[in-house]
Ligand SMILES: Nc1ncnc2c1ncn2[C@@H]1O[C@H](COP(=O)(O)OP(=O)(O)O)[C@@H](O)[C@H]1O
Ligand SMILES: [Mg+2]
């Protein structure tokens with residue numbers, strides 16, 4: 001039995017339409033596998049409508065066509081219809097729903113698709129998907145009411161409610177941004193797998209393939225790349241696209257903690273392990289049970305702790321700090337670093353055995369400047385759209401050709417993160433149109449200015465103030481922004497914390 005059919009038989013008939021998307025709605029905005037998400041949507045819509053099949057069509061503005069983006073279509077890959085052609089094409093063109101009780105009495109029904117697939121359509125109900133501007137950008141269609149009946153007026157009302165939810169969910173995905181972008185620039189077609197991950201250049205496509213494969217396994221993954229290239233984004237994508245998606249994703253940033261605290265953070269401690277350890281405290285590996293532990297900036301992991309991590313990788317077990325009892329865990333490990341670990345191995349700063357254990361699957365994320373001008377423009381337009389929405393700006397600003405040229409000429413030392421921040425400030429500062437002067441890029445020079453750390457004796461020495469800043473930040477994060485709690489944990493007064501936050505530019 002097809003898996004969609006299986007889930008259909010599991011659904012309660014006549015579920016409340018409002019509940020149709022609840023279980024998938026939470027995934028919107030995350031780095032979900034977009035195809036899997038859309039198919040889940042179609043499954044649920046069909047099941048909730050008691051229909052045999054469902055189809056989600058989207059408008060290809062460049063070609064004045066509708067294309068099926070997710071469908072119960074085991075027979076063919078994709079349907080393409082001219083706007084106005086067939087029932088769905090008519091719905092897209094007129095914006096009016098069509099309830100077709102019987103295919104043979106409907107002149108707009110296009111029998112070619114049934115001929116192609118061998119499927120026999122009897123009844124059909126199709127409603128438009130409208131965006132916030134009330135523009136039709138797709139069609140939601142269900143086929144063949146189960147039990148052989150026809151869809152009635154109540155069903156039509158239900159599908160309209162569901163379509164409004166589906167529209168809203170879709171507008172929060174990067175797919176929608178892409179549709180709109182493709183409308184402005186028809187020479188770049190729509191496509192990709194991961195919601196919120198943009199990029200179609202050959203190196204990015206190669207990465208999607210590996211991520212899709214690796215996500216289905218428990219293999220340890222090492223993500224390498226400069227800062228801001230999307231390492232964390234892909235770590236999360238690996239988790240949400242894995243069978244562990246409903247279990248925790250727990251991040252440990254080795255650069256945000258002083259070396260002496262990392263062991264405690266990862267493995268927890270027993271009561272009395274050190275002065276002040278009044279309670280047994282579980283570490284991140286235990287908190288993540290069943291899920292994924294993301295070890296960020298792995299290159300900063302102190303040598304003594306590396307051995308302990310190796311044991312977790314080999315045997316999935318460890319002892320808490322100050323403990324003798326062995327703890328077993330079921331976690332998937334994903335690590336990231338901007339450092340050259342092989343180099344660190346040669347220098348004796350990273351254990352060779354751990355190095356080989358951790359890079360079972362290794363993904364190297366290319367710097368933005370190597371992804372080509374098309375990807376740069378795609379990502380820039382995506383951030384243009386998201387910043388516009390984030391700041392509640394009614395009309396998306398235009399990106400002038402000269403500003404685009406400037407973006408393309410720049411080297412992006414801070415990669416995608418820098419581009420994201422750059423567009424956000426440009427959107428806020430500009431007046432309907434983004435000009436080069438709205439881009440917060442270094443004056444004149446096309447090259448990044450030399451890093452400010454040039455005068456420090458070595459990359460490896462973190463100034464004390466920076467350690468304090470990072471520590472405060474991470475404690476605040478754990479206290480979910482509660483300053484009173486954070487101050488208590490840090491053993492300082494609330495006012496002192498406030499002063500330090502100001503000092504480090506962490507608060508106004
Ligand atoms: N390919 C991409 N498409 C869309 N957004 C991206 C992409 N790569 C990175 N980003 C965004 O850029 C920012 C930095 O990414 P992040 O994963 O934190 O980088 P890193 O961990 O490598 O420093 C995040 O806001 C992330 O969502
Ligand atoms: Mg990061």
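Quick note: the coordinates plus some simple rules give every number you see, no bench work behind them. Just so it is clear, the model here is predicted, and its values are computed rather than measured. Every residue, glycine among them, receives a Cβ derived from its backbone with ideal geometry; neighbour counts consider all protein chains shown.
Can you tell me what the convex hull of the Cα atoms of the chain projects to on average, as an area in nm²?
Its Cα hull, projected and averaged over all orientations, spans 28.0 nm².
Please list, short to long, the whole-number percent of alpha-carbon pairs of the range 464-503 in consecutive 5 angstrom bins beginning at zero.
That works out to 6, 28, 37, 25, 4, in percent per bin.
Taking Cα centroids, how far is the range 314-365 from the range 379-449 in Å?
38
Mind giving me the FRET efficiency for residue 495 and residue 277? R0 is 25 Å, r the Cβ-Cβ distance, nearest 0.05 is fine.
0.40
Beyond 22 Å, how much of the Cα-Cα pair distribution for the range 368-438 remains, as a whole percent?
In whole percent, the share of Cα-Cα pairs in the range 368-438 beyond 22 Å is 12.
Can you pull the one-decimal nm distance between simple spin-label points at residue 161 and residue 370, each 7 Å off the Cα toward Cβ?
Output for this residue pair reads 5.3 nm.
Along Cα→Cβ, 7 Å out, is where each label goes; now give me the distance between the ones at residue 76 and residue 425 in nm to one decimal.
5.2
How would 356, 61 line up from fewest to most surrounding beta-carbon atoms within 10 angstrom?
356, 61
Starting at 0 and stepping by 10 Å, how many percent of the alpha carbon pairs of the range 55-105 end up in each bin?
For the range 55-105, the binned pair fractions read 26, 50, 23, 1 percent.
Please report how far the C-alpha centroid of the range 54-73 lies from that of the range 216-283, rounded to the nearest whole angstrom.
Cα centroid of the range 54-73 versus Cα centroid of the range 216-283: 40 Å apart.
For the chain, what does the helix formula give at 222 nm: sum of -39500 (n - 2.57) over DSSP H segments with n ≥ 4, over the residue count, nearest 500 deg cm²/dmol?
Working: 20 runs with 211 residues, N = 508.
Calculated from helices alone, the mean residue ellipticity at 222 nm is -12500 deg cm²/dmol.
Let a ≥ b ≥ c be the square roots of the eigenvalues of the Cα gyration tensor of the range 36-171; is it rounded (a/c under 1.5), or, if not, prolate (a/b larger than b/c) or oblate?
Because its axes are fairly even, with a/c under 1.5, the range 36-171 counts as rounded.
Once the principal axes of the Cα atoms of the range 202-364 are found, what is the range along each, listed largest first in whole angstroms?
Taking max minus min along each principal axis of the Cα atoms, the range 202-364 gives 54, 39, 26 Å.
How would 377, 477 line up from fewest to most surrounding beta-carbon atoms within 10 angstrom?
The fewest-first ordering by Cβ neighbours comes to 477, 377.
What's the exposure ranking of 371, 483, going from fewest to most Cβ atoms within 10 Å? Please report the intermediate quantities before stating the final value.
Values: 371 23, 483 15.
The order, fewest Cβ neighbours first, is 483, 371.
Output the Cα-based Rg and Dmax of the range 212-257 in Å, rounding Rg to one decimal and Dmax to a whole number.
11.3, 32
Roughly what % antiparallel, to the nearest 5, for the DSSP beta bridges in the chain? Spell out each step's value before the answer.
On the way: 32 of 52 bridges.
Looking only at bridges with both residues in the chain, the antiparallel portion is about 60 percent.
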